[in-house]
Amino acid sequence: MNKFTMGLGLSLAAISTAALAQGSSVPVPADQQTGFDRIREVDLRADLGFIASDALQGRMSLQPGDAAAIQWIAAEFAKAGLVPAAADDKGAASYFQQVPLVEYRPNGGANYLRLSGPRRLVWKAPDIVGGYRNDIDLTAPLAFAGYGITAPGLAYDDYRGLDAAGKIVVLFEHEPQETDPASRFGGTGNTRYATNRVKALNAQAHGALAVIVMAEPNRKHPSNLERVNRIGGSTRRMPPLPAQALVDDELHIPVITVSDAVAGELLAGAGMTPQALQTAIDRNLAPQSQILAGKSLTLHLENTERSRGVSTNVVGLLPGSDPSLAAETVIVSAHHDHDGANGAEIWHGADDNGSGTVGVVELARAFAANPVRPKRSVLFVVFAAEERGLLGSYYLAGHPLRPLATTRAMINFDMIGRNEEASDQTTGLLDIPADTTNRLNVIGGGYSPDFGRTVVAANQSVGLDLDYRFDSENALNIFFRSDQFPFVLRDVPAVWFNTGFHPDYHHTTDTVDKINFPKMARIIKLAYLALWRLGNDTAAPRFVSDPAGTR
């Protein structure tokens, strides 16, 4: 996040909270009061009791429990009077946008990398991690592409002068200069260039056949793989959770993560050690990309199981009241899936993301109950297969039901039901405030300071403690871990409301009894008021393509 914007947001949030404490809160506008009052804890308790119940078996994507959640959401949208926003195979209006998926299980015992050149080396798990939706066997020359980033607005391109066509590229995770608060790459936070998916799409655009990802050798934090392993819970299930991918995903090359030892062998002969290569790039943003002459790499990936299925984005529309603005869209979203069950063990997913799911449903009721509607239309979406890689949101972003060019803003709910607590994932990486009982993390506002100001203004009627820490950290990669991110990639102003991590994250103990329902209701009320502002304001929030590009 732009640090000036962050400071402004924090200051305004502190002012609004202080005003509330003195009993001088900003009244809810009269024409919005009925819907505001319709947001009730009793509904949230009842709904979440169902969504996170044993009966739904953890709502695993493509499993019956998640299908039951999908049907319930659609029924509630219908009761609220939302207009079906999709169409079925026969063209009839529907609340269901089908998301075609392929499910697969990588064969960890058979998959391998083989390096040919001065030394012939072969690696298998755990030195290589990952898989691909199709079986694949390819051999190609090897190239080093730095961080794998092309960012014209930041005057940086790892592919400048590098012919990656027909090559397998090896690249670093994360971004250059991430410990430098003055870096053009978002200071110490992540920009949208930092994700492996964006880097793989960039490699694909340059003609690469596959991507090998290595952790930065000079990192001051766990690698992405090490971070995931710290979570425990469902990440250590046996057998492992199956992988899923979009059938028609725009990314059609494999991405594999390798250990530090493998990375060192792949980069041997580059003229510098991996540590020196990273240092040279970070020093003054000078790419060190090169063909790794005399080397070729064989990548063999196969699956023990592979099948197709269809999940569903549940979509309902509240048409806008203004003839000239109703064609414009504001989105509120969550995701309905979680990590399912394994025998008697159930990953209930009450916070993740039962809380967001019932929050979107409660907002649909609130807007329906209000006698007046916003001028712009509001699209209510509960996404499929987020836990498998944001698949439902990537699908909707690629197959929009309303034009993205006139989609003005998006609020995404993902984990809005708990108090943030220390956990294995965050210990030593993130400072947690002493009191989080009234705290809400607002994530991604750097790409639209206007949006951030809208949230702060709406909060003066609610009084939550707004927190922007996650926009300044790079160890947890929070910015691109939920369903707002595919829309940020398409220049839609989008923020994520989140109450932080806790020891039950992705564990069977993420249950309804631990939910802070009063805070959850306040968060939904904040979203209600912010959506009204976004739906009515004459000027829509402006998207900033490179928030730190002018440093």
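One table, with the values for the structure above:
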| quantity | calculated |
| --- | --- |
| Residues that are at positive phi and surrounded by 19 or more Cβ atoms within 10 Å (Cβ to Cβ), drawn from segment 58-95 | Gly58, Arg59, Leu62 |
| Condition broken by His338, with the remaining ones in (1) over 29 Å from Gly35 (Cα atoms); (2) out of contact with any Asp or Glu (no Cβ under 9 Å at 6 or more places or on another chain); (3) not assigned by TED's automatic domain parsing to the domain that holds Gly161 satisfied | (2) |
| Criterion: buried (at least 20 other Cβ atoms within 10 Å of the Cβ) and not assigned by TED's automatic domain parsing to the domain that holds Val361 - qualifying residue of Ala548, Ala527, Ala494, Ala457 | Ala548 |
| Selection from segment 298-339 of residues that are in contact with a Lys or Arg (Cβ under 7 Å, 6 or more places away or on another chain) and buried (at least 24 other Cβ atoms within 10 Å of the Cβ) | Leu318, Thr329, Val330, His336, Asp337, His338 |
| Residues (part of a loop (DSSP other than H, G, I, E, B), within 30 Å of Ala182 (Cβ to Cβ) and in contact (Cβ under 8 Å) with a residue 60 or more places away in the chain) located in segment 280-329 | Leu285, Pro287, Gln288, Ser289 |
| Count of segment 413-454 residues which are without any contact (Cβ under 8 Å) to a residue 12 or more places away in the chain and surrounded by 22 or more Cβ atoms within 10 Å (Cβ to Cβ) | 0 |
| Within segment 501-535, tally of residues that are of a type in the set (Lys, Arg) and under 12 Å from Asp352 (Cβ atoms) | 1 |
| Selection count where residues are crowded, with 20+ Cβ neighbours inside 10 Å and in contact with a Gly (Cβ under 9 Å, 6 or more places away or on another chain), scope segment 142-161 | 5 |
| Qualifying residue in segment 387-397 (condition: touching a Leu at 6+ places or on another chain (Cβ under 6 Å), under 27 Å from Glu41 (Cβ atoms) and at pLDDT 95 or above) | no |
| Index of the failed condition, Asp127 passing every other in (1) within 23 Å of Leu297 (Cβ to Cβ); (2) touching a residue at least 24 places away in the same chain (Cβ under 8 Å); (3) in contact with a Phe, Trp or Tyr (Cβ under 7 Å, 6 or more places away or on another chain) | (3) |
| Segment 174-223: number of residues that are crowded, with 21+ Cβ neighbours inside 10 Å and charged (D, E, K, R) | 5 |
| Verdict on Trp532 being touching a helix residue (DSSP H, G or I) at 6+ places or on another chain (Cβ under 6 Å), touching a residue at least 12 places away in the same chain (Cβ under 8 Å), not assigned by TED's automatic domain parsing to the domain that holds Ser223 and not small (Gly, Ala, Ser) | yes |
| Ala263 being touching a His at 6+ places or on another chain (Cβ under 7 Å) and buried (at least 21 other Cβ atoms within 10 Å of the Cβ) | no |
| Filter pass, Ala409 being outside any loop (DSSP other than H, G, I, E, B) and either of a type outside the set (D, E, K, R) or buried (at least 23 other Cβ atoms within 10 Å of the Cβ) (or both) | yes |
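Here is a yes/no grid of residues against (1) of a type outside the set (Asp, Glu); (2) at pLDDT below 95:
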| position | (1), (2) |
| --- | --- |
| Ile291 | yes, no |
| Lys295 | yes, yes |
| His300 | yes, no |
| Glu305 | no, no |
| Thr312 | yes, no |
| Leu317 | yes, no |
| Gly320 | yes, no |
| Ser324 | yes, no |
| Thr329 | yes, no |
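Results for (1) among the small types (Gly, Ala, Ser); (2) within 16 Å of Lys525 (Cα to Cα); (3) crowded, with 18+ Cβ neighbours inside 10 Å, shown as yes or no for each residue.
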position: Val28; (1), (2), (3): no, yes, yes
position: Asp31; (1), (2), (3): no, yes, no
position: Leu44; (1), (2), (3): no, yes, yes
position: Asp47; (1), (2), (3): no, no, yes
position: Leu56; (1), (2), (3): no, no, yes
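The values are calculated or read from the model by the stated rules, or taken from the named source; none is laboratory data. Everything numeric in this text was worked out from a predicted model, so none of it was measured. For neighbour counting, all protein chains shown are included, and Cβ atoms are generated from backbone atoms with ideal geometry for every residue, glycine included.
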